[in-house]
Amino acid sequence: MKIAWIALAALSVGTAYAQSEPYKVFDTKPVITEGPFLSALSDTAVSVVWMTDAPSHAKVILRDGDQVREIEPQVDGLVPVGQRHVVTVTGLTPGRRYSYETVSTRVVKLKPYWPDKGLSTSSAAASFTTFNPQQERVSFSVVTDTHEDTARIGRLMKMVDWGSTDALLHLGDAFHWLDSEEQLWAKWLRPTVAGMAPGKPLLFARGNHELRGAYARQLAGYVPTPEGSYYYARTMGPVHLLVLDTAEDKPDDTNVYAQLNRTVPYRADELAWLRAHVGRSTHFAMAPFRVVAMHQGDWGWLPDNGAAWTALANQAKVDLVIAGHDHEFSYHAPDREHGYHRLILGQDQLARVEATQRELTVRVLSDKGVQVHQLRIPARH
Ligand SMILES: [Fe+2]
C-alpha cells in the first residue's frame with residue numbers, strides 16, 4: 001500500500017528521477033575520488049578502500065573464474081552510507097587470483113523511510129592474488145618514515161619492481177601528526193596508491209607519529225585490516241610476517257600526552273596476542289623465515305624496556321626484525337641479547353626482501369638506486 005502511494009507521489013513530482021524503483025532515484029552518480037586500493041591482504045582476506053565525492057553505499061563484486069560474489073558491508077545491521085568506503089572480503093582461497101570491482105551507489109537524502117537514492121559508479125576491474133603459505137618464494141618492498149614528503153614517496157614508488165613484488169610494506173611515520181582526512185590522502189595515501197601497481201596490497205605498521213593529532217583516532221578506517229587491529233600476521237610462502245604496532249616512544253604519563261595515552265594495556269594485549277599466535281600458528285612453526293616488521297626497532301616505549309618482547313622473539317626464533325624510526329640505516333647481527341638480525345631502514349631508502357625456502361635476502365637501496373646494504377640469511381633448517 002505504501003509502495004503504491006509513494007510511486008504515485010513520485011510520478012507527480014516529474015522526471016528528475018527514474019520511476020522504476022519505489023523510492024526516488026535521481027539521475028546523479030558518485031565520482032570515485034580516491035582509490036580503490038587493497039589494504040592488508042592476507043591468504044584469505046583483504047580490505048578494499050576508496051572514497052567518493054558524495055555520500056554513497058558500497059559493495060565489491062568479486063570474480064573467481066565463473067563464480068561471482070557480491071560483498072556488501074553492514075554495521076549493526078545498517079549498510080554504511082558515507083564518502084569513505086571499506087569493504088572487507090573474507091573466505092578467499094590462498095594463492096588464488098581474483099578480479100574485483102567496486103560499486104558505489106549515491107544516497108541523495110537519508111530520510112527515515114524512502115531515502116532518496118542516485119545511480120551507481122563502478123571502478124575499473126583489477127586483479128589481485130591472495131598470499132599463499134605454499135608458494136616457493138616471496139618478495140616484498142619496504143619503505144618507512146616518509147613523513148609527508150610526497151616527492152620522496154614518488155621517488156621510492158618508482159624504484160619498486162612491481163612485476164615481481166608481492167606487497168608494499170610501510171613501516172610507519174607517514175606523517176608528522178594527523179589533522180584531517182585531506183592530509184591523510186594528500187600527504188601519504190594518494191601518492192602511494194598512484195605509485196603502486198593495481199592489485200598490489202599495502203601493508204602498514206603504525207609509527208609513533210601516527211598516534212598524534214586530532215585525526216589520529218580515525219587512521220584505522222583508512223588503512224584497515226581484515227582483523228581490525230594494527231598488529232597482524234601474514235603467511236607469505238617461506239616468510240611468516242609479523243606486523244607489529246610499537247605505538248609511542250615515550251611513557252603514557254609524559255606531559256605532552258595530557259593523560260590521553262594508554263599504551264601500556266594496549267601493548268600488553270598485543271604481546272598476549274603475539275605469544276598466543278607464535279604458540280599456535282602452524283605456518284609460524286614451519287616457515288623457513290620469521291620476520292617482524294615494525295616501526296621502532298627496540299619495540300617502542302615499554303615499562304620493561306621491551307625485555308619481555310625480546311625474550312619472546314628469541315624464544316620464538318625470530319630471524320629478522322626490520323624497522324624504521326631512526327631515519328638512517330643501521331644493521332646489527334645477532335648477539336648475546338638478540339637472537340635475530342636487526343635491520344633499520346633509512347628514510348630515503350627502499351628495502352627489497354626476497355625469500356626462497358633456503359635463503360632470505362634483504363637488499364637496501366638509496367633513492368638514487370645505489371646499494372646501501374645486502375643481507376643474506378640462510379634458513380635455519
Ligand atoms: Fe618514528
- [ ] With a cut-off of at least 1 residues that are farther than 23 Å from Arg234 by Cα, modelled with pLDDT of 95 or more and of a type in the set (Ser, Thr, Tyr), name the strands (runs of 3 or more DSSP E) lying wholly within segment 95-206.
- [x] 97-109, 116-122
Task: Options Arg280, Arg262: the member that is more than 21 Å from the chain's Cα centre (by Cα), under 16 Å from Pro133 (Cβ atoms), more than 16 Å from the ligand (Cβ to nearest atom) and of a type outside the set (S, T, N, Q) - done: Arg280
Task: Identity of the residue in segment 175-198, of a type in the set (Phe, Trp, Tyr) and surrounded by fewer than 20 Cβ atoms within 10 Å (Cβ to Cβ), that ends up farthest from the chain's Cα centre (by Cα) - done: Trp177
- [ ] Please find, within segment 143-152, the residue that is nearest to the ligand (Cβ to nearest atom) out of those that are open to solvent by 10 Å² or more (accessible area, probe 1.4 Å) and under 19 Å from Tyr215 (Cα atoms).
- [x] His147
Task: Residue list for segment 38-65, filter: crowded, with 22+ Cβ neighbours inside 10 Å, touching a residue at least 60 places away in the same chain (Cβ under 8 Å) and closer than 30 Å to Pro238 by Cα - done: Leu38, Ser39, Ala40, Leu41, Ser42, Val46, Ser47, Val49
Task: Residue check for His85: closer than 30 Å to His57 by Cβ, buried (at least 18 other Cβ atoms within 10 Å of the Cβ) and within 16 Å of the ligand (Cβ to nearest atom) - done: no
TODO: Give me the pairs, please: first residue somewhere in segment 271-296 and outside the structural domain of Asp326 (by TED's automatic domain parsing), second residue anywhere and within 16 Å of the ligand (Cβ to nearest atom), beta-carbon distance under 8 Å, and either six or more positions apart or on two chains.
DONE: none
Task: Matching residues in segment 245-277 - criterion: being open to solvent by less than 50 Å² (accessible area, probe 1.4 Å), under 20 Å from His176 (Cα atoms) and among the aliphatic types (A, V, I, L, M) - done: Ala247
- [ ] Starting from segment 315-339, keep only residues that are over 23 Å from His277 (Cβ atoms) and modelled with pLDDT of 95 or more, then list their pairs with residues that are within 16 Å of the ligand (Cβ to nearest atom) and assigned to a loop (DSSP other than H, G, I, E, B) whose Cβ atoms are within a distance under 6 Å, requiring at least 6 positions of separation or different chains.
- [x] His327/Asp145; His327/Gln347; Glu328/Gly346; Phe329/Gly346
Open item on the list: Restricting to segment 302-349, name every residue that is out of contact with any strand residue (DSSP E or B) (no Cβ under 7 Å at 6 or more places or on another chain), within 16 Å of the ligand (Cβ to nearest atom) and over 26 Å from Asp269 (Cα atoms).
Closed with: His327, Glu328, Gly346, Gln347
Task: Conditions (1) in contact (Cβ under 8 Å) with a residue 40 or more places away in the chain; (2) away from the ligand (no atom under 16 Å from the Cβ); (3) touching a Ser or Thr at 6+ places or on another chain (Cβ under 8 Å); (4) not in a strand (DSSP E or B): number failed by Arg234 - done: (4)
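Each row is one residue, and each column tells you yes or no for (1) within 24 Å of Asp326 (Cα to Cα); (2) within 16 Å of the ligand (Cβ to nearest atom); (3) open to solvent by less than 10 Å² (accessible area, probe 1.4 Å); (4) not assigned by TED's automatic domain parsing to the domain that holds Ile32.
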{"residue": "Thr102", "(1), (2), (3), (4)": "no, no, yes, no"}
{"residue": "Lys111", "(1), (2), (3), (4)": "no, no, no, no"}
{"residue": "Ala125", "(1), (2), (3), (4)": "no, no, no, no"}
{"residue": "Gly154", "(1), (2), (3), (4)": "yes, no, no, yes"}
{"residue": "Ser164", "(1), (2), (3), (4)": "no, no, no, yes"}
{"residue": "His170", "(1), (2), (3), (4)": "yes, yes, yes, yes"}
{"residue": "Lys200", "(1), (2), (3), (4)": "no, no, no, yes"}
{"residue": "Gly207", "(1), (2), (3), (4)": "yes, yes, yes, yes"}
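The values are calculated or read from the model by the stated rules, or taken from the named source; none is laboratory data. No experiment lies behind these values; they were computed from the predicted model shown. Note: ideal-geometry Cβ built from the backbone for every residue, glycine included; neighbour counts use all protein chains shown. The area values use the complete protein model at the heavy-atom level, side chains included, leaving out ligands, DNA and RNA. Shrake-Rupley method; radii C 1.70, N 1.55, O 1.52, S 1.80 Å.
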